[in-house]
Amino acid sequence: MDGTLVDSEKLWDVALYEAADWLGGSLSASRRATLVGSNLTATSRYLLTLANREPSEDAVTEVSEWIRGRTRNLFADELPWRPGARDALESVSQAGIPCALVTSTERSLTELALDTIGRRFFDATVCGDEVDGLNKPHPEPYRRAARLLGADPAHCVAVEDSPVGAESAASAGCTVLVVPCDVRVEPGRRRTFRTSLVGVDAATISALALDGRGC
């Protein structure tokens, strides 16, 4: 979702830089880049460590709640689409191809984002707080999405913008269409790259799914 469908990573930037300041630490651009695609618990633990604070369970919960509240305010406004993303979703939907949203963002914030994106596009959604701690880059988020769709991951195409997301999808057995946003994603098995989703439609996705079965 973040950085793939909507350009919300910049909103996360605001929340994370402010959280680092609140904790008395400093979050550099390079350190911020390592958090793209990460879940809120891991992010909070990392920010505490940067601020030389003990990442206890209570501290992680407190920081997570602070970031959650700040991001909720930022997500309340309409989110800007990534180039080509809405047209791609429309094409896949009209073709009747089952589609799931797989995000590291928690359910409460995802629901806010879906006010902009549109729930009608997705037959299932998997959020970062619904995978029993097995977040990206673990394959479970994409395996769970495939199960919800009643699909074999080997017949699925995942669209991702981050290294941890691409690793999660590829490890689950999906073909991965990588459209980098803010961070570089390294080439790898089962990965196809494009600079944007402009021109990506149901035919593109179907062709990638067929090609991926031979990977």
Output the Cα-based Rg and Dmax of the chain in Å, rounding Rg to one decimal and Dmax to a whole number.
16.9, 51
Quick one: which of 136-145, 201-210 comes out on top by average Cβ neighbours within 10 Å, and what's the full order, highest first?
136-145, 201-210
Can you list the residues of the range 111-129 with backbone N under 15 Å from a point 7 Å past the Cα of Val14, pointing along Cα to Cβ?
113
To the nearest 10 square angstrom, how much accessible area does Trp81 have with a 1.4 angstrom probe?
70 Å²
Ignoring ligands, DNA and RNA, please state the percent of accessible area on the range 1-60 from carbon and sulfur, probe 1.4 Å.
49 percent
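Report the semi-axes of the equivalent ellipsoid for the range 1-44 in whole Å, largest first, where each axis is √(5λ) for an eigenvalue λ of the Cα gyration tensor.
Rounded to whole Å, the semi-axes are 18, 10, 10.
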Which of Asn39, Asn52, Asn135 ends up with the largest GNM mean-square fluctuation for the chain, with Cα atoms connected below 10 Å?
Asn52
Gyration tensor (Cα) of the range 127-215, equivalent ellipsoid semi-axes in angstrom
19, 16, 11
Over the chain: helical MRE at 222 nm, DSSP H runs n ≥ 4 each giving -39500 (n - 2.57), nearest 500
-14500 deg cm²/dmol
Extension gain from Thr192 to Arg119, taking 0.36 nm per residue of separation minus the Cα-Cα distance
23.6 nm
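Over the chain, with the other protein chains present, what is the accessible area per residue in square angstrom, probe 1.4 angstrom?
Accessible surface, normalised per residue, equals 46 Å².
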Taking R0 as 30 Å, what's the FRET efficiency between Gln94 and Arg31 from their Cβ-Cβ distance, rounded to 0.05?
0.15
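The values are calculated or read from the model by the stated rules, or taken from the named source; none is laboratory data. Keep in mind that what you see is a predicted model, and the values were worked out from it rather than measured. All Cβ positions, glycine included, derive from the backbone under ideal geometry; neighbour counts span all protein chains shown. Side chains included, ligands, DNA and RNA excluded: accessible areas come from the protein's heavy atoms. Shrake-Rupley method; radii C 1.70, N 1.55, O 1.52, S 1.80 Å.
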